[in-house]
Amino acid sequence: MSNKVLVEICCGSAEDAIEAWYGGADRVELCSALFLGGLTPSLGSLLELKAQAKIEVATIIRPRQGGFCYSESDFRVAMHDAEQMLKHGTDALVVGFLHADGRVDLARTRAMVELAGDVPVCFHRAIDVVPDWREAFDGLMKIGVQRVLSSGQASSAYDGCYVLREMMDYAAGRLQVMPGGGICVGNVQELLAVTGASEIHLGGVSRLMQDSSTQHNPDLRFGDPKSPPESEYKRVSRNAVAEFIASL
């Protein structure tokens, strides 16, 4: 590509994000529990990342798994977490608040935008389950959300690339639309050609790691029985990030 495309890497830990930085990423989305779709990371993760890497950090604020319609207590937790992340240097917040009917909860989103002040707020892939994305965009633009992460309401950004193009045309520069979900070396060029995106969100650049500390009882699970073996975890690969960036 002749014009530089900003690459954001989805990271499940500070170490993931540091690896992404070494690989040449422009920005990271800092999360925890990627197996659950990404939850709020610890404050320690942000502090360690800021101490070790010079990279823009967007911190997800998601208090629990399973949808985006939160209790009053969940929302207060989200606000407390966001306040601490802002205090300690996050460069952006990533949120997604919905009503039970799937429409954007503008009141809660506005409260987060007001808390963030000059720090940009991104509305994440909760946008991909709203019943009317145009209505959602109208509300988000009105309250000052600066960026939306979306797969075009499809299982992957590649499958949703024509809807993403529609989203970008509708936003007309008033809102940054960032494709994310299932993007890889094999489809990114076509995706960019269709959408004209200037930013993309990337996962799937990890390698499988081994932890031998559970070897004496390998069948034991400390989490859900469907979770990966306790001896395995994923770590972002700086080489995979660099390879992807080189393909642009």
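A short reminder: the numbers here are calculations on the coordinates, not readings from a lab. Since the model is a prediction, treat every value here as computed from it, not as a measurement. Here Cβ is always computed from backbone atoms with ideal geometry, including for glycine, and neighbour counts include all displayed protein chains.
Only Cα pairs under 8 Å and 6+ residues apart enter the sum, and on that basis the relative contact order of the chain stands at 18 percent. Given +1 at the Cβ of Lys and Arg, -1 at the Cβ of Asp and Glu and no other charges, the dipole of region 153-236 around its Cα centre is 120 debye to the nearest 20. Simple point charges give the picture: +1 on the Cβ of Lys and Arg, -1 on the Cβ of Asp and Glu, and for region 91-192 a dipole about the Cα centre of about 140 debye. In the chain, taking the dipole from charged Cβ atoms about the Cα centre, the farthest positive-side position among ILE183, THR59, ALA240 is held by THR59.
Ordering GLY144, LEU164, ALA193 by the projection of their Cα atoms onto the charge dipole of region 135-199, which places +1 on the Cβ of Lys and Arg and -1 on the Cβ of Asp and Glu, puts GLY144 at the extreme positive end.
For every other residue with a beta carbon closer than 13 angstrom to the beta carbon of MET141, add +1 if it is Lys or Arg and -1 if Asp or Glu, then tell me the sum.
The answer is +3.
Here region 1-105 is assigned +1 on the Cβ of each Lys and Arg and -1 on the Cβ of each Asp and Glu. Its dipole about the Cα centre then comes out at about 100 debye. Here the 3J(HN,Hα) profile of region 196-209, calculated from phi with Karplus coefficients 6.51, -1.76 and 1.60 at θ = phi - 60°, is x, 4, 9, 9, 9, 10, 10, x, x, 10, 10, 10, 7, 10 Hz, Gly and Pro shown as x. Going through region 76-185, which trypsin sites (Lys or Arg not before Pro) have at most 13 other Cβ atoms within 10 Å and a DSSP loop state? Those satisfying the criteria are ARG174.
Computed on region 104-248, with alpha-carbon pairs under 8 angstrom and 6+ residues apart, the relative contact order is 16 percent. PRO63 sits among other residues whose Cβ lies under 10 Å from its own Cβ, and their net charge, with Lys and Arg +1 and Asp and Glu -1, is +1.
For SER150, the residues whose amide H sits under 5 Å from its own are MET178, GLY180, ignoring neighbours fewer than 5 places away on the same chain, with H placed 1.01 Å from N. ASP26 sits among other residues whose Cβ lies under 13 Å from its own Cβ, and their net charge, with Lys and Arg +1 and Asp and Glu -1, is -2.
Please enumerate, by chain and number, the lysines with C-alpha under 27 Å from the C-alpha of LYS4, excluding those fewer than 8 residues away in the same chain. Result set, ordered by chain and number: LYS50, LYS54.
Taken along its principal axes, the alpha carbon cloud of region 106-248 reaches lengths of 57, 37, 29 Å, longest axis first. Computed 3J(HN,Hα) for region 230-239, one whole-Hz value per residue from the Karplus formula 6.51 cos²θ - 1.76 cosθ + 1.60 where θ = phi - 60°, is 5, 8, 10, 7, 9, 9, 4, 9, 4, 5, glycine and proline marked x.
Partners of LYS226 within straight-line reach, counting lysines whose Cα lies under 23 Å from its Cα and excluding those fewer than 8 residues away in the same chain: LYS234. The helix-only estimate of mean residue ellipticity at 222 nm for the chain, built from DSSP H runs of length n ≥ 4 each weighted as -39500 (n - 2.57), is -10500 deg cm²/dmol after division by the residue total.
Only alpha carbons enter this Debye calculation for region 35-169, each as an equal point scatterer, and the log10 of I(q)/I(0) it gives at q = 0.10, 0.11 Å⁻¹ is -0.32, -0.39.
Among ASP224, ASP105, ASP118, the order by Cβ neighbours within 10 angstrom, fewest to most, reads ASP118, ASP224, ASP105.
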